[in-house]
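The values are calculated or read from the model by the stated rules, or taken from the named source; none is laboratory data. Given the structure is predicted, the values throughout are model-derived calculations rather than measurements. All Cβ positions, glycine included, derive from the backbone under ideal geometry; neighbour counts span all protein chains shown.
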């Protein structure tokens with residue numbers, strides 16, 4: 001089994017030259033096919049599809065999901081099927097190259113669901129689609145150029161684990177190098193993923209008005225309502241049943257709906273019970289307890305907008321007029337205190353940036369002919385940074401000098417994010433981006449684009465570099481060619497940008513009248529919680545706290561105290577609190593029906609894990625060992641059909 005890992009003593013005492021020579025002589029597979037034309041093309045198209053599903057799920061939940069393991073299993077199943085049809089089977093490194101491309105593509109869509117969407121909501125300006133594509137590609141390329149020199153430090157020298165990337169390496173090794181058992185397990189998980197995708201896609205198809213209409217060739221075809229409570233309201237109208245209300249406000253107005261969304265069920269399974277339970281708690285506190293009280297007080301009320309149109313109370317207005325403030329406070333304070341409770345991330349960052357190893361003699365670069373040459377990053381980073389500053393100024397109106405001022409932060413934030421990803425598979429980009437956002441907001445309070453785009457740029461580059469290092473880890477474990485992985489990451493960047501940006505315009509900006517408007521971004525179907533969090537911080541910077549109702553300010557104070565208390569408890573006790581502060585805040589900005597469905601998904605898989613403990617039993621292999629493929633299948637199947645329904649409705653309805 002080709003899983004490269006030194007023990008603790010070797011990692012501490014060996015020089016980098018010794019480590020590189022050990023890897024080169026024992027694990028490097030220079031003669032094996034890796035980034036071939038077929039793996040590149042397959043990765044390009046699969047990356048585009050997975051980027052689209054990430055965009056769809058991100059619009060609903062504000063969470064970007066890792067697609068590495070999903071792409072590994074999908075690719076393995078596809079390649080084995082092609083091999084049975086007479087084609088030459090893919091090698092393990094071709095599969096790894098494909099997952100590198102797909103994973104890179106999946107990360108590109110992150111700004112579209114956060115900082116860029118927030119910029120559009122705050123400014124009312126929609127940049128041209130090609131401008132967004134260029135901006136995403138440029139900043140993502142900087143992430144690649146920053147990541148590969150750091151690869152030599154974090155992976156080659158420090159041998160850090162990168163748990164998520166390491167899991168991909170273990171899965172690939174098990175699929176290809178354990179004979180029939182490995183192949184059988186791989187085929188089983190691929191089959192489970194396919195069945196879950198088919199079930200979720202089939203259900204989503206039945207709920208799709210446009211697809212059902214054209215499938216049945218009728219102007220008005222029957223379709224199942226995804227909102228199951230619609231059937232109760234039909235009976236209520238006919239039988240004069242009780243109308244669900246809290247303090248005089250209808251459930252529908254509060255966004256309290258019962259929804260059968262299998263993609264959210266899958267997301268909940270991946271989240272786990274602690275995170276999903278915290279999200280549900282935040283939604284319950286906000287929409288069941290606080291919102292009805294504030295509406296009754298008249299601090300959330302209908303109003304007439306600038307166009308003279310009456311805007312009624314809705315879930316979105318509850319969030320925008322009042323709830324957003326305490327939800328954002330909970331997320332920001334919780335994440336910042338948690339980050340400050342991990343000083344090792346900062347100390348590691350400064351050690352890495354100093355790069356001092358005076359006790360070691362000059363070393364020979366054993367891998368100079370297969371690693372990405374350092375001069376490419378040394379030349380490319382300054383050039384691409386200047387291009388990034390220019391396009392940010394030209395496309396978003398941010399002063400050139402502010403963008404240049406933000407660029408040095410990239411390296412510090414990237415090292416912090418990479419240390420965190422290497423140890424925990426978590427990147428603190430949310431909290432780190434708020435540092436940038438508040439800093440540049442203080443410098444330029446009149447232009448929200450300054451803090452949104454500079455923070456978005458630094459956060460995206462740092463996250464992209466950290467995530468790509470996690471993706472490089474399985475290649476190192478399996479003996480892959482580093483240069484070819486770098487090329488694969490670049491291919492993925494183009495795949496993700498070209499797939500996600502046009503889809504963003506169609507899904508979230510185009511209205512029924514065919515015109516594009518920022519008013520279409522946030523809806524009952526797509527809450528865009530990450531964008532609302534960024535927007536909330538920008539609004540606080542621009543307007544100040546004086547513009548908020550007194551109850552909103554008090555709610556922010558209480559939320560800050562609770563968040564700080566929970567995180568300090570975690571730091572002192574050195575074990576996680578049963579609730580997650582960031583997730584509670586997320587529940588405030590998510591549609592409550594999505595929060596409830598995610599909680600049900602997490603609860604189901606948590607119960608399956610408690611119920612089935614025999615690792616050799618069939619239920620364990622299905623519901624516990626194959627939990628991730630099931631959830632990935634539910635997400636992928638529902639998302640793809642949901643996207644297709646929207647596209648059909650836009651272009652053919």
- In the stretch 600-653, residues that are closer than 17 Å to residue 500 by Cα and without any contact (Cβ under 8 Å) to a residue 60 or more places away in the chain total 0
- Query: Out of 329, 352, which single residue is at pLDDT below 85, in a helix (DSSP H, G or I) and farther than 27 Å from residue 537 by Cβ?
  - Reply: 352
- Message: Based on this model, can you work out whether residue 565 counts as touching a residue at least 24 places away in the same chain (Cβ under 8 Å) and outside any loop (DSSP other than H, G, I, E, B)?
- Response: no
- Filter pass, residue 554 being more than 30 Å from residue 28 (Cβ to Cβ), in a helix (DSSP H, G or I) and under 18 Å from the mean Cα position of the chain (by Cα): no
- Quick check: anything in the stretch 411-432 in contact with a helix residue (DSSP H, G or I) (Cβ under 8 Å, 6 or more places away or on another chain), at pLDDT 70 or above and within 25 Å of residue 127 (Cα to Cα)? no
- Item | Lone qualifier among 454, 436 - being over 30 Å from residue 38 (Cβ atoms), surrounded by 23 or more Cβ atoms within 10 Å (Cβ to Cβ), in contact with a helix residue (DSSP H, G or I) (Cβ under 7 Å, 6 or more places away or on another chain) and in contact (Cβ under 8 Å) with a residue 12 or more places away in the chain | 454
- the stretch 317-328 residues that are more than 14 Å from residue 587 (Cα to Cα), paired with ones that are assigned to a helix (DSSP H, G or I) (beta carbon under 6 Å, 6 or more apart): 322/294; 322/552
- Item | Test: residue in the stretch 460-475 that is under 25 Å from residue 53 (Cα atoms), assigned to a helix (DSSP H, G or I) and in contact with a strand residue (DSSP E or B) (Cβ under 8 Å, 6 or more places away or on another chain) | no
- Message: Given the condition modelled with pLDDT of 80 or more and more than 29 Å from residue 517 (Cβ to Cβ), answer yes or no: does some residue in the stretch 334-344 qualify?
- Response: yes
- Task: Would you be able to say whether some residue in the stretch 291-301 is buried (at least 17 other Cβ atoms within 10 Å of the Cβ), in contact (Cβ under 8 Å) with a residue 24 or more places away in the chain and out of contact with any helix residue (DSSP H, G or I) (no Cβ under 6 Å at 6 or more places or on another chain)?
- Result: yes
- Cβ-Cβ below 6 Å, separation at least six or inter-chain, first residue in the stretch 247-267 and on the phi > 0 side of the Ramachandran plot and surrounded by fewer than 21 Cβ atoms within 10 Å (Cβ to Cβ), second at pLDDT 90 or above and not in a strand (DSSP E or B): which pairs? 247/292; 247/296
- Note on the structure: The number of residues in the stretch 7-30 that are surrounded by fewer than 19 Cβ atoms within 10 Å (Cβ to Cβ) and closer than 30 Å to residue 106 by Cβ is 3
- Message: Just to check your reading of the model, which residue among 501, 572, 588, 582 is assigned to a helix (DSSP H, G or I) and surrounded by fewer than 17 Cβ atoms within 10 Å (Cβ to Cβ)?
- Response: 572
- Listed by first then second residue, the pairs whose first member lies in the stretch 179-194 and is under 12 Å from residue 625 (Cα atoms), whose partner is at pLDDT below 70 and in a helix (DSSP H, G or I), with beta carbons under 7 Å and at least 6 positions apart or on separate chains, are 185/174
- Message: Can you tell me which residue is modelled with the highest pLDDT among those in the stretch 120-144 that are closer than 18 Å to residue 486 by Cα and surrounded by 23 or more Cβ atoms within 10 Å (Cβ to Cβ)?
- Response: 136
- Would you mention how many residues in the stretch 370-422 are more than 18 Å from residue 138 (Cα to Cα) and in contact (Cβ under 8 Å) with a residue 60 or more places away in the chain? 12
- residue 323 vs (1) touching a helix residue (DSSP H, G or I) at 6+ places or on another chain (Cβ under 8 Å); (2) within 30 Å of residue 605 (Cα to Cα); (3) part of a helix (DSSP H, G or I); (4) at pLDDT 85 or above: all pass except (2)
- Expected output for the stretch 149-160 (first residue at negative phi and assigned to a loop (DSSP other than H, G, I, E, B), partner buried (at least 21 other Cβ atoms within 10 Å of the Cβ) and modelled with pLDDT under 80, Cβ below 7 Å, 6+ apart or cross-chain) is 160/154; 160/422
- Query: Of all the helices (runs of 4 or more DSSP H) wholly in the stretch 3-61, which have at least 1 residues that are within 30 Å of residue 636 (Cα to Cα) and touching a helix residue (DSSP H, G or I) at 6+ places or on another chain (Cβ under 9 Å)?
  - Reply: 37-61
- Note on the structure: Flagged in the stretch 273-320 as part of a helix (DSSP H, G or I) and touching a strand residue (DSSP E or B) at 6+ places or on another chain (Cβ under 7 Å), in numbering order, are 288, 292, 295, 317
- Search result, residues across the stretch 514-530 that are part of a helix (DSSP H, G or I) and either modelled with pLDDT under 80 or within 19 Å of residue 593 (Cα to Cα) (or both): 529, 530
- Item | Boolean, residue 538 is assigned to a helix (DSSP H, G or I) and either at pLDDT 80 or above or in contact with a strand residue (DSSP E or B) (Cβ under 9 Å, 6 or more places away or on another chain) (or both) | no
